[in-house]
Amino acid sequence: MADDNSSTSKYNIATELVFIDSEAVKDNYNAASVPIYQTATFKQREADGSGGEYDYSRSGNPTRTAVEAHLAKIMKAERAFVVSTGMTALDVILRLVKTGQEIITGDDLYGGTNRLLTYVSQYNGVKVHNVDTTDVVQIEQRLDPVKTRLVLLESPTNPLIKIADVRRVADRVHQLCPSALVVVDNTMMSPYLQNTLDMGVDIEYHSGTKYLSGHHDLMAGVIGCRSAQVAEQLYFVINSNGSGLGAFDCWLLLRGVKTLAIRMEKQQSNAILIADFLEAQGFRVHYPGLQSHPRYELHKSLASGPGAVLSFETGDVALSERIVEAARLWSISVSFGCVNSLISMPCKMSHSSIPAEVRKQRQLPEDLIRLCVGIEHVDDLIGDLTNALQKAGVQVKH
Ligand SMILES: Cc1ncc(COP(=O)(O)O)c(C=O)c1O
Ligand SMILES: N[C@@H](CCSC[C@H](N)C(=O)O)C(=O)O
């Protein structure tokens, strides 16, 4: 794809997150907080269809325009869109794939992503190849200059926190398969820690339900793209299927995005200490902030930090269950990116829609515990984990 991404950022990202460009929404009263345009339709002056910028909220809404313009700036995208959920974002992107075309993706993926890809392969005649995306050669082997339409990566992956060489994958795919689009689900890093459009990726998307909003009080999906042409195609789908985010959720998302930097910094600094604590207990910990992570250096070259999601193996499913259920501060919940800390067992929760035999074949450990670290005081988080481990029967090393 042509490199037509034009960066408009002038400040550090922490500043850009808070600074809302008032040019994006022409508000008559100069409101300091972008107004919520809670309206389905817009009155027109003329009957000939030549009217204003907005006619109907499915097609466009000023509150949505404001958050989309802000996110395009943050993601360094030619254009950004906000839709009803992260899965909707993927669904909109998948409309670019026609019957007979192919998708290459990972063998460690969020369960809902795997479910939607399975659906398109079963009902839409699209072939989906699941490979180890940490190995560029495996991707190259599946590339077909005629058939491959999308190469879809998570990095880090959910839940095994595997790292793909995003830059190299984008380079090789564009060299070998110029009509294919490289798509990255960047939910786990957020645009604060990782910018994949800058690495040559064509489309970056997020579950805005997670870090971008940060409080688990809304669901949203965010799509950013580098090319105006791809953006037009995506807009066509969003307008056609009515998946654009409602005004109130747009407002909540814009409100949440402003604090992304301080939330992520705190969540990440807590996560680093918690990963160290768990590793010191002898668990196998998956976290790119640990030097033991096989892609520690690569991740450092791609992102400005390791983030705040980690997973660890105990070696025993029943022990993992006891640990999870004994935690008090860590609530047993799916999702991540919220200011509160969460604990879960992916195989029984977020990834349970992946059939057991597929989980086994892809070596997803059934005993895996995933931690999504929040902004609480780290001593309390480690204290609560210590209690949970002890209650579950683990000898905690001090
Ligand atoms: C990595 C990742 N991508 C996408 C999604 C889908 O987002 P949503 O729940 O907002 O549809 C999730 C979780 O749900 C996720 O963990
Ligand atoms: N029941 C839901 C599970 C959502 S998991 C949410 C999140 N992505 C996570 O990884 O925790 C479903 O079936 O999708």
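Restricting attention to region 155-183, report how many residues are more than 16 Å from ligand 2 (Cβ to nearest atom) and either part of a strand (DSSP E or B) or of a type outside the set (Ser, Thr, Tyr) (or both).
As a first pass, look at region 155-183 and keep what is more than 16 Å from ligand 2 (Cβ to nearest atom): 163-183.
From what's left, either part of a strand (DSSP E or B) or of a type outside the set (Ser, Thr, Tyr) (or both): 163-178, 180-183.
Qualifying residue count, region 155-183: 20.
Out of Leu212, Leu152, I need the residue that is assigned to a loop (DSSP other than H, G, I, E, B), within 16 Å of ligand 2 (Cβ to nearest atom) and open to solvent by less than 10 Å² (accessible area, probe 1.4 Å). Which one? Show your work before the answer.
On the way: Leu152 fails: assigned to a loop (DSSP other than H, G, I, E, B).
Testing whether each residue is assigned to a loop (DSSP other than H, G, I, E, B), within 16 Å of ligand 2 (Cβ to nearest atom) and open to solvent by less than 10 Å² (accessible area, probe 1.4 Å) leaves just Leu212.
Exactly one of these conditions fails for Val146: (1) more than 21 Å from Arg95 (Cβ to Cβ); (2) among the β-branched types (Val, Ile, Thr); (3) open to solvent by 10 Å² or more (accessible area, probe 1.4 Å). Give me its number.
(1)
Yes or no, residue by residue, for (1) open to solvent by less than 60 Å² (accessible area, probe 1.4 Å); (2) modelled with pLDDT under 95; (3) under 24 Å from the mean Cα position of the chain (by Cα):
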site	(1), (2), (3)
Ser50	no, yes, no
Tyr54	yes, no, no
Ala69	yes, no, yes
Val82	yes, no, yes
Leu94	yes, no, yes
Leu116	yes, no, yes
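Name the pairs: first residue in region 256-271 and in contact (Cβ under 8 Å) with a residue 24 or more places away in the chain and more than 22 Å from Leu218 (Cα to Cα), second residue open to solvent by 50 Å² or more (accessible area, probe 1.4 Å) and β-branched (Val, Ile, Thr), Cβ to Cβ under 8 Å, at least 6 apart or on different chains?
Close Cβ pairs (under 8 Å, with a partner that is open to solvent by 50 Å² or more (accessible area, probe 1.4 Å) and β-branched (Val, Ile, Thr)) amount to Asn270/Ile375.
For region 350-365, what are the residues that are within 16 Å of ligand 2 (Cβ to nearest atom), outside any helix (DSSP H, G or I) and open to solvent by 40 Å² or more (accessible area, probe 1.4 Å)? Steps first, answer last, please.
Here is the first cut: in region 350-365, the ones within 16 Å of ligand 2 (Cβ to nearest atom) are 350-356, 358-359, 362, 364-365.
Then drop every residue that is not outside any helix (DSSP H, G or I), which leaves 350-355, 362, 364-365.
Passing the criteria: Ser352, Ser353, Pro355, Arg362.
Would you check if Ser341 is open to solvent by less than 10 Å² (accessible area, probe 1.4 Å), at pLDDT 95 or above and at negative phi? Before you say what the answer is, go through the steps one by one.
Numbers: open to solvent by less than 10 Å² (accessible area, probe 1.4 Å): yes; at pLDDT 95 or above: yes; at negative phi: yes.
For Ser341, the condition - open to solvent by less than 10 Å² (accessible area, probe 1.4 Å), at pLDDT 95 or above and at negative phi - is met.
What number of residues within region 7-45 are surrounded by 12 or more Cβ atoms within 10 Å (Cβ to Cβ) and either modelled with pLDDT of 90 or more or in contact with a strand residue (DSSP E or B) (Cβ under 7 Å, 6 or more places away or on another chain) (or both)?
Total satisfying the criteria: 14.
Right, His174: surrounded by fewer than 24 Cβ atoms within 10 Å (Cβ to Cβ) and closer than 18 Å to Ser84 by Cα or not?
Working: surrounded by fewer than 24 Cβ atoms within 10 Å (Cβ to Cβ): yes; closer than 18 Å to Ser84 by Cα: no.
It is false that His174 is surrounded by fewer than 24 Cβ atoms within 10 Å (Cβ to Cβ) and closer than 18 Å to Ser84 by Cα.
What tally of residues in region 262-292 results from selecting those that are closer than 24 Å to Asp165 by Cβ and either among the small types (Gly, Ala, Ser) or touching a helix residue (DSSP H, G or I) at 6+ places or on another chain (Cβ under 7 Å) (or both)?
9
Looking at (1) surrounded by fewer than 20 Cβ atoms within 10 Å (Cβ to Cβ); (2) touching a Pro at 6+ places or on another chain (Cβ under 6 Å), find the lone condition where Met188 falls short.
(1)
Residue by residue, here is whether (1) within 19 Å of Pro365 (Cα to Cα); (2) open to solvent by less than 10 Å² (accessible area, probe 1.4 Å); (3) modelled with pLDDT under 95; (4) part of a helix (DSSP H, G or I) holds:
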{"site": "Gln267", "(1), (2), (3), (4)": "no, yes, no, yes"}
{"site": "Asn270", "(1), (2), (3), (4)": "no, yes, no, yes"}
{"site": "Phe277", "(1), (2), (3), (4)": "no, no, no, yes"}
{"site": "Gly282", "(1), (2), (3), (4)": "yes, no, no, no"}
{"site": "Pro288", "(1), (2), (3), (4)": "yes, yes, no, no"}
{"site": "His293", "(1), (2), (3), (4)": "yes, no, no, no"}
{"site": "Glu297", "(1), (2), (3), (4)": "no, no, no, yes"}
{"site": "Lys300", "(1), (2), (3), (4)": "no, no, no, yes"}
{"site": "Pro306", "(1), (2), (3), (4)": "no, no, no, no"}
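The values are calculated or read from the model by the stated rules, or taken from the named source; none is laboratory data. All figures in this text were calculated on a predicted structure; none of them were measured in a lab. Neighbour counts run over all protein chains shown; Cβ positions are idealised from the backbone, glycine included. We work out accessible area using only protein heavy atoms, side chains counted, and drop any ligands, DNA or RNA first. Shrake-Rupley method; radii C 1.70, N 1.55, O 1.52, S 1.80 Å.
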